1. Report, for the chain, the % of DSSP beta bridges that are antiparallel, rounded to 5.
2. Relative contact order, percent, of region 172-323 when contacts are C-alpha pairs under 8 Å separated by at least 6 residues?
3. Gain in length, residue 237 to residue 134, computed as 0.36 nm per residue apart minus the alpha-carbon separation, to one decimal in nm?
4. Return one number: the angle in degrees, 0 to 90 and rounded to the nearest 10, between the long axis of the Cα atoms of helix 84-93 and the longest principal axis of the Cα atoms of the chain.
5. Residues of region 166-180 with the amide nitrogen closer than 14 Å to a label point 7 Å from the Cα of residue 194, along Cα-to-Cβ, please.
6. Translational diffusion coefficient, Stokes-Einstein: compute it for region 115-254 using the Kirkwood radius over C-alpha pairs as Rh, at 10 °C and 1.306 mPa s, and state it as an integer in µm² s⁻¹.
7. Using the C-alpha atoms of region 65-104, what convex hull volume per residue, in cubic angstrom, is computed?
8. Work out how much length residue 88 to residue 109 would gain on full extension: take 0.36 nm times their residue separation and subtract the Cα-Cα distance, in nm to one decimal.
C-alpha cells in the first residue's frame, strides 16, 4: 500500500478524491474502515486504476497490467533496469512512470529509497547471521549508501570486524581480499537506472569460505554477485559454489508496518504536489520528481532503459510537461 491512513487523511483534507483498493492495507494492519475514516473511498482494483495518479509500492505485477491505462501516472517502485519487457509494456500502455527509486533531492540523496534501504541494511545482518548459524566474525559490505551504512552499523554492533567498500574503492583486488576472509558479504550497491555491477564473479564466489553467506540487497537491480538470482520470502536462500545466497527482493516487506510508515512519510510531500499541481506542473517545478520520470506518456526518458528495451529515447522537455 502506497500510503497509510494518516497520510491519506492529509490528501482528503486537501480536497482530493482518494481511492483505496479494498484490502490494500490488510498486510500493514490497516483495514478498509481505517481508510474510510481517513476520508477515502474503498473501491475495486479496476476502479482504483482509473485514477489520474496511482500510488503503489511494488513494481507492476502481471495482474496490474489488465487495469493500466494511459495517460495516467504511476508513482511507485518500477525497477526497470534489466526489465525490458516490462518497460515495453508500460510504454505501449501510454502511461507515465515516476520511479520512487529515481527521485533524487538537491543533495543527491534518494529520499524514497533511503527508508527502505535502511531497513534492508539492518535486516541483512539479521538474516545473514541466521543463515550463517552464528554471529559473523568478518563482514564485507559492498556499497556505502543507506543500505550499506546501516548494514555496517548493525554488524559492528554485533561485534564483527567490518570492511566497507564504496563503489569507487571496490577494486577487484580489494574485493577479493575482503571476500575471501568474510563470513558474510552484504551487496548494497545501487546505481540509479542501471544494472548493479557484478562485483563478485563466480570465480571469486567459488573460493569463498564454505558456508559463508551473501545477502544481495541489490538483487532488484540484478545483484552484486554473478551467482545471485532472485528468491522470495517463502524460499529465501539457495547454495551456489558452496556459499549460501539470500537474494530476496523487497526485503522490508518482512517488516510491513515499519516499512509502510516510513515510505508513506517520504512519499506524502511528493504525492501532495503531484495531486495539487497536476502531474506535468509538479514534475516541471520539482527537479526531484523530474529525475524520477522514466516514461512520460509512453515515451521512454531514460537512455539506458530505452536502449535495453530497444525503444527510442526521448529527452523530457518543458514542452512535454505543458501538454
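No lab work stands behind these numbers, since they all come straight from the coordinates. Since the structure is predicted, the reported quantities are computational estimates derived from the model, not experimental observations. All Cβ positions, glycine included, derive from the backbone under ideal geometry; neighbour counts span all protein chains shown.
1. Restricted to the chain, the bridges split so that about 20 percent are antiparallel.
2. This gives 16 percent for region 172-323.
3. Stretched fully, the residue 237-residue 134 segment lengthens by 35.4 nm.
4. Here the helix axis deviates by roughly 0 degrees.
5. Answer for region 166-180: 167-170.
6. The Stokes-Einstein estimate is 112 µm²/s.
7. 64
8. 4.7 nm
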